[in-house]
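K.L.:
What follows is a structure written as structure tokens; I'll ask about it next.
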Number of protein chains: 2
Amino acid sequence: MNKRILLASASPRRAEILTKMGFREFDIIPAEIDESIIACAPDEYVLSLAKQKAMHVAKSYEGIIIAADTIVALGNEILGKPKDEFDAKNMLEKLSGKKHSVFTGICVIDTMTSKTICDYEKTNVYFKELSDNEINDYIKTGEPMDKAGAYGIQGSACIFVTRIDGCYYNVMGLPAAKLYSILKTIE
Amino acid sequence: MNKRILLASASPRRAEILTKMGFREFDIIPAEIDESIIACAPDEYVLSLAKQKAMHVAKSYEGIIIAADTIVALGNEILGKPKDEFDAKNMLEKLSGKKHSVFTGICVIDTMTSKTICDYEKTNVYFKELSDNEINDYIKTGEPMDKAGAYGIQGSACIFVTRIDGCYYNVMGLPAAKLYSILKTIE
């Protein structure tokens, strides 16, 4: 792929996954949009946010724009990034011993052809029962604060996750295999 | 845990996972044992190898010894590390478009108490259909050569894996959540 790649995200995990996928050069253009969680289904929510982010960047830049949005769904509740440590603790207590789902919406726009592909991926994640000490120690690492659901599967929360059903990289914030197949289609 | 931790493995992935789990200090003591694949079930094979590795290190060292062995099972066939690039290509062609299972056996010995716990973890991994180009490009990265089944899920083969059912870190070579629970029991 010879076109300029733009990642519409400030997440270092997403940049790391793009690099793993073999992209040596891409530009990071975070899209500042309102991420307040509105009442809708998780898949609709992440699709809408990813599309808004991609379109925001498409207004000012040319190339292949990749945008994504990730949330954690526990039953009917949507968990975004925690507001503070108290909120993080509350989220982790909710996830303890339970299954939740991680949804990532992705939207890819080729500004030269205006081709746009949006899709989402869902992964079920199973947490072991967490003790108060385990939650407090994890919060002390600082890892929960910039992550949906207050954990990162790629960090020290690895000991919390007994199994996943679905794409691992989706839980990290960017479903690599799905993005790869979208890029193949849009090329 | 204040006891000395010994990782009976030369795999940089296993050391990386132990670090993720929060272990700041451990010694790496690779166990040289015969890993030739014998005719037995995958779970028996990895359990036996992990135990042999741990016992080998326990002969000469004191502490908490952690050993592991990982293989890929495709139907009745067991895939270890590829012998050469030709073998790697052959393995990747077999895995293309199919589900396989990754088995990791782990064995933990506390040499002070002689407590020994062995267990294994199984994760199903689904590969997309791979083209000849994709296989050749992947082999050129050099990543397949030291890995069971000729791929590493944590590297550029991330685009091959559409989903997994089970523990991700098991596919990388060390099931973090299971090891954590074994260490809690042995403490």
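No value in this document is a laboratory result; all are computed from the given coordinates. All values derive from a computational prediction rather than experimental measurement. Ideal geometry is used to build each Cβ from the backbone, glycine not excepted, and the neighbour counts take in all protein chains shown.
K.L.:
Report, by residue number, each residue of segment A:110-128 that is among the hydrophobic types (A, V, I, L, M, F, W, C) and within 20 Å of A:Asp43 (Cβ to Cβ).
P.N.:
A:Ile117, A:Cys118, A:Val125
K.L.:
Still on this structure, I have one more. With the requirement that a residue be touching a helix residue (DSSP H, G or I) at 6+ places or on another chain (Cβ under 7 Å) and either assigned to a loop (DSSP other than H, G, I, E, B) or not charged (D, E, K, R) (or both), what does segment A:10-24 give you?
P.N.:
Those that are touching a helix residue (DSSP H, G or I) at 6+ places or on another chain (Cβ under 7 Å) and either assigned to a loop (DSSP other than H, G, I, E, B) or not charged (D, E, K, R) (or both): A:Ile17, A:Met21, A:Gly22.
K.L.:
Quickly run through segment B:130-154 and pick out the residues that are more than 25 Å from A:Val171 (Cα to Cα) and more than 13 Å from chain A (Cβ to nearest Cβ).
P.N.:
Selection gives B:Asp132, B:Ile135, B:Asn136, B:Ile139, B:Gly142, B:Met145, B:Asp146.
K.L.:
Need pairs with beta-carbon distance below 6 Å; first residue free of Cβ contacts under 8 Å to residues at least 24 places away in the same chain and within segment B:1-26, second not aliphatic (A, V, I, L, M); sequence gap 6+ or separate chains.
P.N.:
B:Ala10/B:Pro30; B:Gly22/A:Ser156
K.L.:
Can you name the number of the only condition in (1) assigned to a loop (DSSP other than H, G, I, E, B); (2) in contact (Cβ under 8 Å) with a residue 40 or more places away in the chain that B:Lys122 fails?
P.N.:
Checking B:Lys122 against (1) assigned to a loop (DSSP other than H, G, I, E, B); (2) in contact (Cβ under 8 Å) with a residue 40 or more places away in the chain, the one that fails is (1).
K.L.:
Look through segment B:155-187, keep the residues that are more than 7 Å from chain A (Cβ to nearest Cβ), under 30 Å from A:Arg24 (Cα atoms) and aliphatic (A, V, I, L, M), and return whichever of them is farthest from the chain's Cα centre (by Cα).
P.N.:
Restricting to residues being more than 7 Å from chain A (Cβ to nearest Cβ), under 30 Å from A:Arg24 (Cα atoms) and aliphatic (A, V, I, L, M), the top hit is B:Ala157.
K.L.:
So, one more: Which of the helices (runs of 4 or more DSSP H) found entirely inside segment B:125-187 contain at least 3 residues meeting this: of a type in the set (D, E, K, R) and out of contact with any His (no Cβ under 7 Å at 6 or more places or on another chain)?
P.N.:
B:132-140
K.L.:
Let me spell it out: the conditions are (1) without any contact (Cβ under 8 Å) to a residue 40 or more places away in the chain; (2) surrounded by 20 or more Cβ atoms within 10 Å (Cβ to Cβ), and B:Asn170 meets all of them except one. Which number is the exception?
P.N.:
All conditions pass for B:Asn170, except number (1).
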